[in-house]
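None of the figures in this text is laboratory data; all of them are computed from the coordinates on show. Predicted model, so just to flag it, every value in this text is computed and none were measured. Here the Cβ positions follow ideal geometry from the backbone for every residue, glycine too, while neighbour counts run over all protein chains shown.
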Amino acid sequence: MSKTIATTAFAGQRPGTSGLRKKVTVFQQPHYLENFVQAIFDSVPELNGGVLVVGGDGRYYNRTAIQTILKMAAANGVAKVLVGKGGILSTPAASCVIRKYGAVGGIVLSASHNPGGPDGDFGIKYNISNGGPAPEAVTEAIYARTQTITEYQLADAADYNLDTLGEGELAGMQVVVLDSVLDYSELMASLFDFAAIRAWFAAGHTMRFDSLSAVSGPYAKHIIEGVLGAPAGTVVNGEPLEDFGGHHPDPNPAHAHELMEAMFAADAPDLGAASDGDADRNMIVGKKLAVTPSDSLAIMAANATLIPGYKDGLAGVARSMPTSQAVDVVAKALGIESFETPTGWKFFGNLLDANRATLCGEESYGTSSNHVREKDGVWAVLFWLNLLAATGKSVTELVSAHWARFGRHFYSRHDFEGLDTDAANGLMEHLRGLLGGLAGQKLHGLTVKLADDFAYTDPIDGSVSEKQGIRVLFEDGSRVVYRLSGTGTEGATLRVYLERYVADTAGHGEDTQSALAALITISRELAQIAERTGRLQPTVVT
Ligand code: G6P
Ligand code: ZN
C-alpha cells in the first residue's frame, strides 16, 4: 500500500555543480527530501518499471534518507532497487554498479568533500544510465518540478534491513543489497596490473592511504591491504564515520594535513594518498612533494600505455577550464584531442560516451577515465601505484622527468571562503565589465592576450553553457581564472586559479607561490578583492 502525501514547494532546490547540497538540518525539514526525490521520479518516467541504484557515502542522515527513498521508489513503481550494504556506495562504485547492471539511473547521497555530522552537510544527486551525473537538461527538469510539486508517493512499509546481503522485497518492489566493494574491486582488477603492484609492495615499498574517516576506507582496505597485500595499517582512518571523525574530508594539502606531515617526515612512505567523503577525489603525494591534480592528470596521460587498461593509447583527454594546461601539452605531443570543459564532472560524460576522451581531470582533485562516469579517487591511486610498479621510479622522479620533457605549469588555487554573496557577485560583475578592455594591456610586466567569460559548446550534443568563469590569458601562456564555487553551502566562495608555464628545467625548482607572485598581485588588483570583500588573504591556498 502506498500513500499520497500533500506537500508544498521549497524554494532553492536547484542542483548545483554536483546535486542538491544543503545543511543536514535543511534536509531534516518535513517533506524537504521527499519533494526532491519525487521530482526525480516525476522527471524520469523510465524509473517506473526500471532498475534504480541507491547508495551514499555513509555520512549522517544517509540511512534515514535511503529508507525514505526506498519507500518512495516502491510507491513510484520502480521494479528493482540495488542498494549498497549498510547504504554504502562510493560515488565511483555507484557509477560502476549503474553501468554493470544496466540500471535506468542512480540516486547518490553525499555532500562529497563537505564536512558531515548533524551540523554538517548532506546531498543528493541523480545519475543517469551511463553512470554519470545527470546533465543540465535533467537537473533543470527536476528543479522545475520541485517548484510546482503538490504531493508525493510513499509506500506504507517498515524500514528495510540494509545490513544483510541478498534479495528481498519492499511493498512489491524487489530490493537487492549488494556488497559495496566487490563489483568495483573487480573493475579495478580488469584495468591494472595487480601482480606488478603486489610485487612492488612485496619488495618493501610503502604507502599511506588516508581515507579521512570517509567512504574510501572499505574500498582501499579491501583492494590495497587485501588483494594487493600491502601491510595492515597502510590505510589510515579507514573506518567510515557519520561525521568523518571530525575530519574535513577534502584531500588537499590544507585539509589532509596529517598525511602531509607524514609525507614530509624523514621516514615518509613511497606514496601518500587521500580521498574525500564519497571517494571520488584523490590527492597524490610523494616524499616531500604534493603532486598538483593538473600535473597528475598530465603524467597519467603521458604514461597511460604502461597500464594494461590503457595500453592501446588514449582517444583523447579532457580537463575542466580552470585545470592547468599541462595535459594539453601532453595531448599535443601524443597527437590526440584535448578538450576544455566547464567545471563539473557532468561535462565529461558526452566526451566519454562518444569515445572522444579516455582520461579526464579537474584541478579540484578529480581524475578518472572511461571505466565509469564519475571521478574516481581509488582508481587514481591505483593508477599511480601501477606507474610506480611498472617504472620502478619514485613519485618525485616521475614528476621531474615529466617537467623536464614537457615543461612545468606552476599552479595554485586561492580560495576566499564565506564571502558575502552580494559582494562576491558584485566582484564577478566588475570583472565582466573589464573584459572588453583587457586585451593588449600590460599588467605587472605581463601582456593580456585574451580575456573572456568562458562559454562551452558541447561538441557532441551542441548544448551551450555560458558564464563558466572569467579567464584572463597572458601572452606567455600564464592565466588567471576566477569562479564562484558551486558546491558551498554557506555564503560565497571565490576561487582564483593561477597558472604559469616555465619550459626551462633551470626554473623548475622554484617555490610555487613565488613563481606565481606577479600573477597573484594581478589577480588581487584586477578583481579588487580586498576592497570588495574585505579580505586581504585567501582562506585556503592549495
Ligand atoms: C564537485 C564536482 C567537480 C567539480 C567541483 C567544483 O566536486 O564533482 O566536478 O570540479 O565540484 O567545485 P566548486 O566548489 O569549485 O564549484
Ligand atoms: Zn567527492
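Structure values in brief
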| read-out | value |
| --- | --- |
| For segment 430-449 versus segment 95-150, the gap between their alpha-carbon centres in whole angstrom | 39 Å |
| Footprinting exposure proxy for His222, His508 (fewest neighbouring C-beta atoms within 10 Å first) | His508, His222 |
| Tilt relative to the chain, helix 91-100 - C-alpha long axis, 0 to 90 degrees, to 10 | 60 degrees |
| For the chain, average projected area of the Cα convex hull in nm² | 23.5 nm² |
| q = 0.15, 0.17, 0.18, 0.20 Å⁻¹: log10 I(q)/I(0) that the Debye formula gives for segment 2-179, counting C-alpha atoms only | -0.76, -1.02, -1.17, -1.52 |
| Kirkwood hydrodynamic radius of segment 405-542, Cα pairs, Å | 15.9 Å |
| Cβ crowding within 10 Å averaged over residues, with 330-337, 166-173 ranked highest first | 330-337, 166-173 |
| Nearest-ten-degree value, helix 182-191 long axis tilted from longest Cα axis of the chain | 30 degrees |
| C-alpha long axis of helix 421-438 to longest principal axis of the chain, angle in ° | 40 degrees |
| Segment 63-125: C-alpha gyration tensor shape, a/c 1.5 cut-off, then a/b vs b/c | oblate |
| Ranked packing of 430-442, 274-286, 180-192, most packed first, by mean Cβ within 10 Å | 274-286, 180-192, 430-442 |
| Within-12-Å neighbourhood charge of Gly436 [Cβ basis; K, R +1; D, E -1] | -1 |
| Gain upon complete extension [Val464, Glu261; 0.36 nm per residue less C-alpha separation] | 68.7 nm |
| Between segment 475-505 and segment 221-235, the alpha-carbon center distance in angstrom | 36 Å |
| For Ile223, Ile460, order by how many other beta-carbon atoms lie within 10 Å, fewest first | Ile460, Ile223 |
| Order of Glu242, Glu151, Glu363, Glu466 - criterion: other Cβ atoms within 10 Å of each residue's Cβ, fewest first | Glu466, Glu151, Glu242, Glu363 |
| At 0.692 mPa s and 37 °C, Stokes diffusion of segment 184-406 via Kirkwood alpha-carbon radius, µm² per second | 191 µm²/s |
